[in-house]
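Visitor: This structure is in structure tokens; I'll ask about it shortly.
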Amino acid sequence: MDRPLVSIVTPTLNAGGFIEQVIKCVMAQGYQNHEHIVVDGGSNDKTVSILRKYEHRKNFHWISESDRGLYDAINKGLRMSRGKIQSFLPADDLYLPWTLESVVRDFERDRTVDIVYGDGMIARMSGAYAMVYFNPPRRSLRKHLRISSSNTTPYFWKKEVFEELGGYDLGFEIASDYDFIVRACMRFKVSKVSEVLTLWRMRPDSVSVDRQRVMQEVLRISSKVGGVHSSKGIHVIYAKMARNYLANSYPEFIRLTALRFSDDGHGNWGNLIRSKTISKSRLLRDLLTPFLPQFLLTRSARNKFFPGYVKMNKLLEFVTTFSPDAR
């Protein structure tokens, strides 16, 4: 039985400092039936010269031309794609070596599923440690999405989902990925795979760290789907996000800690645990030391304190040098 082609779209603009790691992490996937499409917005740094280095690979494609921004580039790439399964990977984020295999296996397990998602990791671009960002469980996903954003990179969907929704809404400059996931998950069948699938690396110059602008768009989207009405203000969103964190994320953090200390590696987050990149001492510190979720901290506070327990140096080496033939 032929396994499905997975299409990954990466939008770029002057991403010369990190685009090569992204290309390598896709090349290093254990699941090799994929295509990687990079849509560049007309970079004037070394991005294009890096893309040319890989254009001989049969499953790698790229274009460089002006566009109307991030989400226009994503729409363009997804419309070019041939895969039955789609997703987008930002130019400063990474997949783990098991990402595509885990996702495809879940689609194959239940062929009526339209969207598969998992958990992700978050770290500062130059940080020494990452932490797991736990997306809500499937049973509470729709309720969560009505009032709060989600880590959208670990989401994959069938091509029909993108086509029926008409792509990303260019009316949103920062949170159109959240809007797309909300519309998709409210309409289509969803499944969650119990794996960490992505690494989100926060850059200080990224628009996604502009909390005020992000939350203004999140509030508009939440109001549109019957969540928090725009008249109630952003503080209501923050309160509901904090409640969701305590109800969903912190119990999952406790489970991850227990599994890491058992050295089992055969249950939830098994691939991450077996990778031996989690520091036990820092994991225990973050569990026992009270800390606020990052979305509740000011930017200066986030710069001073960032929890984390996944060793970035080992993780990056593992992600970009993993050989599929080693399996």
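Visitor: Hey, can you rank 186-197, 28-39 by average C-beta count inside 10 Å, highest first?
Guide: 28-39, 186-197
Visitor: Calculate the FRET efficiency for Arg79 and Met125 from the Cβ-Cβ distance with a Förster distance of 30 Å, rounded to the nearest 0.05.
Guide: 0.50
Visitor: Follow-up. How much length would be gained if the chain were fully extended between Gln216 and Lys280, taking 0.36 nm per residue of separation minus their Cα-Cα distance, in nm to one decimal?
Guide: On the way: separation 64, 0.36 × 64 = 23.04 nm, distance 3.75 nm.
Computed gain between Gln216 and Lys280 is 19.3 nm.
Visitor: Next question, about the same structure. Quick check on region 168-207: take the gyration tensor over C-alpha atoms, sort the square-rooted eigenvalues as a ≥ b ≥ c, and tell me if it's rounded (a/c under 1.5), prolate or oblate.
Guide: Details: a/c = 5.00, a/b = 1.15, b/c = 4.34.
Since a/c reaches 1.5 but b/c is at least a/b, the shape of region 168-207 is classed as oblate.
Visitor: Now for a different question. Could you work out the local net charge near Tyr309, counting Lys and Arg as +1, Asp and Glu as -1, over the other residues with Cβ closer than 10 Å to its Cβ? Intermediate values should be presented prior to the final figure.
Guide: On the way: positive: Arg260, Lys280, Arg282, Arg285, Lys311; negative: Asp286.
Every neighbour counted, the sum reads +4.
Visitor: About its Cα centre, how strong a charge dipole does the chain have in debye, to the nearest 20, once Lys and Arg get +1 and Asp and Glu get -1 at the Cβ?
Guide: 940 debye
Visitor: Then there is this: When Lys and Arg each count +1 and Asp and Glu each count -1, what net charge do the other residues less than 13 Å away from Gly83, Cβ to Cβ, add up to? Walk me through the numbers on the way to the answer.
Guide: Working: positive: Arg3, Arg79, Arg82, Lys84, Lys158, Lys159; negative: Asp2, Glu35, Glu160, Glu163.
So the surrounding residues net to +2.
Visitor: Measure off 7 Å from each Cα along the Cα-to-Cβ vector at Phe188 and Ala247, then give the distance between these two points in nanometres to one decimal.
Guide: Those two pseudo-labels are separated by 2.6 nm.
Visitor: Each label point is 7 Å from the Cα along the Cα-to-Cβ direction; what then is the distance between the points at Asn313 and Glu163, in nm?
Guide: Those two pseudo-labels are separated by 4.9 nm.
Visitor: Can I ask one more? Quick check: pseudo-label points 7 Å beyond the Cα along Cα→Cβ at Asn14 and Lys53, how many nm apart are they?
Guide: Using points 7 Å along Cα→Cβ, the separation is 2.1 nm.
Visitor: Here's another thing I want to ask about it. Per the helix-only calculation at 222 nm, which mean residue ellipticity applies to the chain, given -39500 (n - 2.57) for every DSSP H run of n ≥ 4 and division by its residues, nearest 500 deg cm²/dmol?
Guide: -12000 deg cm²/dmol
Visitor: With all distinct Cα pairs included, what does the Kirkwood hydrodynamic radius of the chain come out to in Å, to one decimal, could you say?
Guide: Evaluated over the chain, this radius sits at 20.1 Å.
Visitor: Still on this structure, I have one more. For an R0 of 35 angstrom, estimate the FRET efficiency from the Cβ-Cβ distance between Asn33 and Leu288 and round to the nearest 0.05.
Guide: The computed FRET efficiency comes out at 0.20.
Visitor: Something else: What fraction of the DSSP beta bridges in region 78-213 is antiparallel, stated in percent and rounded to the nearest 5?
Guide: 55 percent
Visitor: If you count, for each residue, the other Cβ atoms within 10 Å and average over each peptide, how do 3-14, 102-113 line up from highest to lowest? Display every interim value, and only then the final one.
Guide: Working: 3-14: 21.6, 102-113: 15.8.
Order by mean packing, descending: 3-14, 102-113.
Visitor: Further question on the same structure: Which stretch or stretches of region 259-285 have amide N atoms under 17 Å from the point lying 7 Å from Arg105's Cα along the Cα→Cβ direction?
Guide: 264-276
Visitor: Around Tyr54, what is the net charge, scoring Lys/Arg as +1 and Asp/Glu as -1 over all other residues with Cβ under 10 Å from its Cβ?
Guide: Taking every other residue near Tyr54 into account, the sum is +2.
Visitor: A follow-up question, please. Take each of the peptides 149-159, 62-72, average the number of other beta-carbon atoms within 10 Å over its residues, and list them starting from the highest.
Guide: Peptide ranking by packing, descending: 149-159, 62-72.
Any read-out appearing in this document is the output of simple, stated calculations on the displayed coordinates, not a laboratory observation. This structure is a prediction, so every number in the text was calculated from the model and none was measured. In this analysis, Cβ positions are derived from the backbone assuming ideal geometry, glycine residues included, and neighbour counts consider all displayed protein chains.
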